[in-house]
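The values are calculated or read from the model by the stated rules, or taken from the named source; none is laboratory data. As the structure is a computational prediction, the values presented were derived from the model and not from experiment. When we count neighbours, we look across all protein chains shown, and the Cβ atoms used for this are built from the backbone with ideal geometry, even at glycine.
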Amino acid sequence: MALDPTTVESLAAELDEAERTHVQLDHFSVRHPQMQLADSYAIQRAWMKRKLAAGRRPIGRKIGLTSRAMQRAVNITEPDHGLLLDDMLFPDGQDIPFARFIEPRVEVELAFILKGRLEGRVSLFDVLNSTDYVVPAIEIIDARIRRVDPTTGRTRAVLDTISDNAANAGIVMGGRPVRPDAIDLRWVGAIMHRNGVIEETGLAAAVLNHPANGIAWLASRLAPYGEALEAGEVVLAGSFTSPQHARAGDSFHVDYGPLGSISVRFQ
């Protein structure tokens, strides 16, 4: 790590404040050009530790930037991961408070509900064997750190996104849960409508050729921290469409074909 513990804690406090006040932060990677990946994850963990101390409860993990569509959208070439907390979970078919977010965007994903522990180097087959069921999901992402620097026009680096809890802000699960061996998960498709207009379509194979590959990647990334994916956790495998901006009053309907649909409205 290049940043000292005091700086890490200070940046985590800034993220906490930015989320509360809706005042976005300048890029950490510009303010601290010596930053490394380990620094970004240290900032993320320090921020999440603050949230847990305030009473929030972890419910799982998210994997981001696993598809080329998402990587092109944010000019980043590698996946990242973050923590899911209990107050990020919103029910299907209900209104979502727009005022809670700064600049929300919506992504299409599959959520894996685990029945077994995954630790260290695991295979796609290990992931499937440790999964109770898979369910359609949408993720709401946000930006406590500016997505684009107003002075340079530069998009934020993966170091900034990781610090920002991999941009996670909300999750909605719905549709039809399926056992992981019931269908070929690579061929799960989705059509995203915003206000009745089709904005995005995609296949889950866009996520590292199989969405379970993302879960295996995450298990290996957590191992150096002495952490694992635990039974009962929700793991968002990564988006297979580009993110779509949500505005107050926007309604989203995502059709997963045989797996049902998810509908939400931002109010």
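Here are a few things to note about the model shown:
- Residue check for Phe112: more than 21 Å from the chain's Cα centre (by Cα) and closer than 23 Å to Arg221 by Cβ: no
For every residue, the table says whether it meets (1) charged (D, E, K, R); (2) at pLDDT 95 or above; (3) part of a loop (DSSP other than H, G, I, E, B); (4) surrounded by fewer than 20 Cβ atoms within 10 Å (Cβ to Cβ).
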site: Glu9; (1), (2), (3), (4): yes, yes, no, yes
site: Ala13; (1), (2), (3), (4): no, yes, no, yes
site: Asp16; (1), (2), (3), (4): yes, yes, no, yes
site: Val30; (1), (2), (3), (4): no, no, no, yes
site: Ala38; (1), (2), (3), (4): no, no, no, yes
site: Glu78; (1), (2), (3), (4): yes, no, yes, yes
site: Leu83; (1), (2), (3), (4): no, yes, no, no
site: Asp92; (1), (2), (3), (4): yes, yes, yes, yes
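- In the stretch 107-132, the residues that are within 30 Å of Ile198 (Cα to Cα) form Cβ pairs under 6 Å with partners that are part of a helix (DSSP H, G or I), at six or more places apart or across chains, as follows: Leu110/Ala204; Leu110/Pro211; Phe112/Ile215.
- Across the stretch 117-133, the number of residues qualifying as of a type outside the set (D, E, K, R), in contact with a helix residue (DSSP H, G or I) (Cβ under 7 Å, 6 or more places away or on another chain) and assigned to a loop (DSSP other than H, G, I, E, B) comes to 3.
- Residue tally, condition acidic (Asp, Glu) and closer than 14 Å to Lys115 by Cβ, over the stretch 214-231: 1
Table: residues versus (1) in a strand (DSSP E or B); (2) surrounded by 19 or more Cβ atoms within 10 Å (Cβ to Cβ); (3) touching a residue at least 40 places away in the same chain (Cβ under 8 Å).
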position: Thr201; (1), (2), (3): yes, no, yes
position: Ile215; (1), (2), (3): no, yes, yes
position: Arg221; (1), (2), (3): no, no, yes
position: Gly232; (1), (2), (3): no, no, yes
position: Val235; (1), (2), (3): yes, yes, yes
position: Ser239; (1), (2), (3): no, yes, yes
position: Ala248; (1), (2), (3): no, no, yes
position: His253; (1), (2), (3): yes, no, yes
position: Ser263; (1), (2), (3): yes, no, yes
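- With respect to the conditions (1) buried (at least 24 other Cβ atoms within 10 Å of the Cβ); (2) outside any strand (DSSP E or B), Pro136 lacks only one, and its number is (2).
The rows are residues; the columns are (1) within 17 Å of Ala137 (Cβ to Cβ); (2) out of contact with any Ser or Thr (no Cβ under 8 Å at 6 or more places or on another chain).
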{"site": "Ala2", "(1), (2)": "no, yes"}
{"site": "Ser10", "(1), (2)": "no, yes"}
{"site": "Leu37", "(1), (2)": "no, yes"}
{"site": "Ile59", "(1), (2)": "yes, yes"}
{"site": "Ile63", "(1), (2)": "yes, yes"}
{"site": "Phe90", "(1), (2)": "yes, yes"}
{"site": "Gly93", "(1), (2)": "yes, no"}
{"site": "Arg100", "(1), (2)": "no, yes"}
{"site": "Leu110", "(1), (2)": "yes, yes"}
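- Entry remark, the stretch 153-199: residues being on the phi < 0 side of the Ramachandran plot and free of Cβ contacts under 8 Å to residues at least 12 places away in the same chain number 4 in total.
- Picking from residues in the stretch 152-175 that are assigned to a loop (DSSP other than H, G, I, E, B) and touching a helix residue (DSSP H, G or I) at 6+ places or on another chain (Cβ under 9 Å), the one that is surrounded by the fewest Cβ atoms within 10 Å (Cβ to Cβ) is Thr152.
- Only one of Val207, Val188 that is closer than 30 Å to Ser251 by Cβ, of a type in the set (A, V, I, L, M) and modelled with pLDDT under 95: Val207
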